[in-house]
1. Does residue 267 satisfy the criteria of being at pLDDT 70 or above, among the polar types (S, T, N, Q) and not assigned by TED's automatic domain parsing to the domain that holds residue 296?
2. Could you tell me how many of the residues in segment 421-480 are modelled with pLDDT under 80, within 38 Å of the chain's Cα centre (by Cα) and in a helix (DSSP H, G or I)?
3. Out of all the residues in segment 171-184, which are touching a residue at least 60 places away in the same chain (Cβ under 8 Å) and within 40 Å of the chain's Cα centre (by Cα)?
4. Could you tell me how many of the residues in segment 364-385 are in a helix (DSSP H, G or I) and either closer than 14 Å to residue 396 by Cβ or of a type outside the set (A, V, I, L, M) (or both)?
5. In segment 374-398, what count of residues is obtained for those that are surrounded by 18 or more Cβ atoms within 10 Å (Cβ to Cβ) and either out of contact with any Cys (no Cβ under 6 Å at 6 or more places or on another chain) or over 30 Å from residue 354 (Cβ atoms) (or both)?
Amino acid sequence: MISAARRSVPSLRMRLTAYFGASTMLILSVAGTVLYANLSLGLRSEDATVIRGKAEVVRGILARYPDQPEMLEEEVVLEPAVRIIQPYFARVLDPAVGTLYETPGMSEAIPSAAFLPPPASGAADPDPTTRHTPGGRIFLVLTVRATPEREGGRTIQVALDVTRDALILARQRRLLIALILLGVAISGTAGYLTARRGLRPLARITEATQRVTAAQLDQRIGTHPWPAELAELAAVFDGMMKRLEDSFDRLSSFSANLAHELRTPLTNLRGEAEVALSRSRTEDEYREVLESALEEYDRLTRLIDRLLFLARADAGAADLERRRLSARDEMEAVRDYYASVADERGVALLCRGQADVVADPMLLRRALGNLVANALEHTPAGGEVTLSACGDSDGVRFVVADTGHGIDEADVPHVFERFYRSTDGGGTASGTGLGLPLVASIARLHGGWASLSGTPDKGTSVTLFLPRTSTGPTRDMTAL
C-alpha cells in the first residue's frame with residue numbers, strides 16, 4: 001500500500017522537469033502568439049490598404065475622366081493582368097448595362113456573387129471581407145459605389161488574391177509549433193539534468209539520515225558545506241538529532257533510576273517479609289514489621305505520585321485553579337506544617353516579606369513545601385531556613401534559603417534533572433531526585449521559572465518566580 005502511494009506521487013526531479021517544460025511552453029506560446037497575431041494583423045492591414053487604394057483609383061478615374069474610357073480600361077483590364085506577386089481583379093458594374101469593364105479571368109477566379117451588395121447611397125465604404133473559392137484560393141473582396149452624382153450609381157468590385165499571405169501564416173504556425181515543441185524538449189532535458197545535479201546534496205542528506213539508528217544518534221550531517229537552501233535543513237536536522245540524543249539519554253537514565261528507586265523499597269519489603277516469616281513472631285514484632293512496611297508503602301506512593309504529576313505537567317494536562325493569594329499566608333502555612341520537623345532538627349524556620357500572588361494554592365504550597373523539606377534535610381542543627389517573598393510589576397519571587405552544606409558548582413546545572421541527586425556535606429546522595437524537578441514543573445505550569453544558587457559549606461538559595469498573570473516568561477530549568 002505504501003509502495004503504491006509512493007508510485008502515485010511524482011518525484012521532485014520529475015516535478016521540476018515538468019515545471020521547466022510547462023514554463024517554457026507558456027513563454028514560447030505567449031511570445032509566438034503575440035508575434036503571429038502581429039504578423040497576421042500587419043498583413044491584413046496592408047492588404048486592406050492595397051484593396052481600398054485600388055478602389056479609390058478606379059473611383060477617381062470614373063469621376064475625373066468620364067470621357068476617357070482608355071484610362072479606366074488600363075487600370076481595370078491591363079494593369080491587373082501584369083501583376084504577378086499578388087494579383088488583383090477589378091470590375092465596374094452599371095445598373096443599366098451590367099458589366100462595363102472587368103479584369104480578364106475575374107469571373108472564373110471570383111464571380112460577382114461572391115461580393116457583398118454595394119453600400120447604401122451616401123454610406124461609408126465597408127471593410128473588406130475574405131472569400132474562399134472552390135479552387136482553394138483566398139480573396140479579399142470589397143464593393144464600393146462610384147460617385148453617384150456623375151456616374152449614375154455605378155458599382156466597383158475589387159478582389160485581392162491573399163492566398164500567398166495565408167500560406168505565409170500557415171508556415172509561421174507550423175514553425176511556431178515546431179519551435180514550441182523543440183523548446184519544451186530542450187527545456188525539459190535541461191530541467192531534468194539541472195534537477196538531477198541540484199538534488200545530489202539532498203540525496204547525500206538522505207544517505208546520512210539512513211545511517212542514524214538508535215545506537216548511532218550521534219550522527220550529524222551539518223559538517224558538509226551544503227548549499228544555502230539545504231544548510232538550514234541540515235542545521236535543523238542536527239538540532240533535532242541533538243535533542244533526540246539528549247532525550248534518549250535522559251530516558252535511559254530515567255528508566256535506570258526509576259528501576260533503582262522502585263527496587264529499593266520492594267527489596268526492603270521482601271526482606272522484611274522473609275524475616276518475619278522465617279519463624280514465629282510476637283504481636284509487637286509483627287506490628288514493627290507492618291509499620292516498617294507502611295513506611296516503604298508511603299515512600300512508593302510519594303514516588304509514584306510525583307512521577308504522575310511530572311508526567312501530567314509535561315503533557316500539559318495538569319489543571320490549575322488560580323487564585324489571588326497572600327504570599328505571606330502561604331509561606332506561614334508551610335512553616336507551620338514543617339515547624340515540628342525544624343524543631344526536631346534544631347533548625348530555625350523563618351518567614352519574611354509580603355506580596356500578592358496569582359497561583360494554584362495547592363501547587364504553590366507543594367512547591368514551597370518541597371523546597372523547605374529539602375532545605376531542612378541539608379541544614380545541620382543550629383542552622384536557619386528562611387522563606388521570603390518579594391513582589392514587583394512582573395511577578396513574585398519566592399526564595400527559600402538555608403545555611404546548610406551548600407552545593408558543589410558542578411551540581412548546579414543538573415539539580416533540576418529528574419533523579420539527579422547532589423551529595424551532601426558527608427559526600428552521600430539523599431532523596432529521590434524528584435523534588436526540585438517537581439518545583440520546576442509547577443513553575444512552568446504557572447508561566448514562571450525556578451533557579452538555584454549555592455556555595456559549599458555556606459548554604460543554598462532556590463528562587464521560584466511566578467508572574468502576575470497566567471502567562472509569562474518561561475525558562476529552561478535544566479539550563480540554570
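1. Details: at pLDDT 70 or above: yes; among the polar types (S, T, N, Q): yes; not assigned by TED's automatic domain parsing to the domain that holds residue 296: no.
Answer is no for this residue.
2. Count: 3.
3. Looking only at segment 171-184, we keep the residues that are touching a residue at least 60 places away in the same chain (Cβ under 8 Å), and these are 172-173, 176, 179-180, 183-184.
Correct list: 176, 179, 180, 183, 184.
4. Filtering segment 364-385 down to residues in a helix (DSSP H, G or I) leaves 364-377.
Right, trim to either closer than 14 Å to residue 396 by Cβ or of a type outside the set (A, V, I, L, M) (or both) and you get 364-370, 374, 377.
Of the residues in segment 364-385, 9 are in a helix (DSSP H, G or I) and either closer than 14 Å to residue 396 by Cβ or of a type outside the set (A, V, I, L, M) (or both).
5. 13
Results for (1) in a helix (DSSP H, G or I); (2) at pLDDT below 70; (3) within 30 Å of residue 434 (Cβ to Cβ); (4) not assigned by TED's automatic domain parsing to the domain that holds residue 301, shown as yes or no for each residue.
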site	(1), (2), (3), (4)
215	no, yes, yes, yes
222	no, yes, no, yes
232	yes, no, no, no
243	yes, no, yes, no
246	yes, no, yes, no
252	yes, yes, yes, no
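The values are calculated or read from the model by the stated rules, or taken from the named source; none is laboratory data. Every value quoted in this text rests on a predicted model; they were computed, and no experiment measured them. No Cβ is skipped: glycine too gets one built from the backbone with ideal geometry, and neighbour counts run over all protein chains shown.
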